[in-house]
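Below: one structure, written as structure tokens.
Since every read-out is calculated from the coordinates, none of them should be taken as a lab result. Small disclaimer: the values here were computed from a predicted structure and weren't measured. In this analysis, Cβ positions are derived from the backbone assuming ideal geometry, glycine residues included, and neighbour counts consider all displayed protein chains.
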Amino acid sequence: MSAIDYILTILILASLYLNWHLVQVCRSAMKARKKALRDAQRLLKRGEEAQEQAIADKRRFLEALGEAFLLIGPSGHIVLANTLAKELFQEEKLEGRKVGALVCNQELLGHVQEAFDTDGPVTKEFTLSAANSPGGVQNGITAWHLDSAITDAPIREKRILLRNITQNYLTNQMRRDFVANASHELRTPLTIIVGYLENLMEDDLVEESPGLARKFIGVMHQNSQRLMNIIEDMLMISKLESGHKAILKEQWFRLTSCADDVFSRLDSIREKKQAVLHMDIPTDWELYGDPFYWTQILFNLVENALKQNTEPGLSITVAAAKTQDACVITVTDTGVGIPVESIPFLFNRFYRVETHHSSEIKGTGLGLSIVKRAVEAHDGAITVSSIPHRETVFTITIPLKRFREEKAA
């Protein structure tokens, strides 16, 4: 082999080696590239999963808030909303919608739009009428607390929270009404007493007109008694509303004993009204509870029926029956009945049914409130139904655990 052939052979071999090496380098580069791509995809997937997890965590947090949440972008479009917000605005999807374009009650939307349009944070409370309250509220109003703030840069979005505070609002309203009504009820007899005292102190009325003075003293005594009754009823309601079971002196007792006591105490009124009282309770039936409060429950219900019905011939029946899961006590009268519009407010403190003889009926206006709270203190519930000029039925339902039939000796 000549030197030239030898050199050519070496060059060919070198070229083949370089090509092979280049292929290996390319393959290694491709493998590295593929690995880098897989790693990048893996990292991207992890980032997406982390982002999805963060979004899911954020949504879980928003759902657990217990308040309607809206996040509104600078353009007025809703960026984020939880389920409570969708229920509040009665929309299946809020994200991407413009606040001003929502089709919901305008009274609620007006408060949200005002909070969005206001620069800076907003905190306010407002009420919605029954017609504009979310959820189809039938009676009264709903109350709401709105809190809004601007999120941190770079994107300044408006965060709005809406919380239903109806229960707190109604509680405060009841407290205010109670103070106002109690003041009125206490002032009336006090004014009468003070007025008659001033008359007695003038011109020696006691010596000159002893008969008239005795009449004045009788009126004062009557109003003093009314004052005492109001105070006692208010104290009783306060005890029952405290929620402490310790106020109940519970024991097994016969319900017929309470009914007999009530009938005896009201016999003079029954006779004057020419009414008839009936009892349909087995003598061996016993309840577990405070006999004092059960006597008060039956007394208030029967006395209320006697007072509300002025026509003779009234029939009142106190009865008890046992169902599969409860003991049911009813007080039924055959009087004028209760207007349907008054029934929802019947157990409110100081509420009186307006009738043509309302001014003639004396009482504290707390009797039925005491009944409701005393029944509830015994784990029971009370309802009322009425057919005008036919009958009115108060139905008390007590758990069977508070009932037993006395075993014969």
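Label positions at Leu37 and Ile387, each projected 7 Å from the Cα along the C-beta direction, are separated by 8.5 nm. When the listed pairs Lys98/Lys158; Lys86/Lys124; Lys249/Lys322; Lys124/Lys158; Lys239/Lys372 are checked against a 19 Å cut-off, the alpha-carbon distance exceeds it for Lys86/Lys124; Lys249/Lys322.
Projecting label points 7 angstrom from Cα along Cα→Cβ for Asp280 and Leu44 puts them 8.1 nm apart.
Residue order for Lys86, Lys372, fewest other beta carbons within 10 angstrom first, comes to Lys86, Lys372.
Want the number for Glu311 to Leu235: 0.36 nm per residue separation, take away the alpha-carbon distance, what's left? Taking 0.36 nm per residue and subtracting the Cα distance, the gain is 24.0 nm.
Remark: Val179, Val375 ranked as Val179, Val375, counting other beta-carbon atoms within 10 Å and listing the fewest first.
Label-to-label distance, Cys26 versus Glu198, with points set 7 angstrom from Cα along the beta-carbon direction: 11.8 nm.
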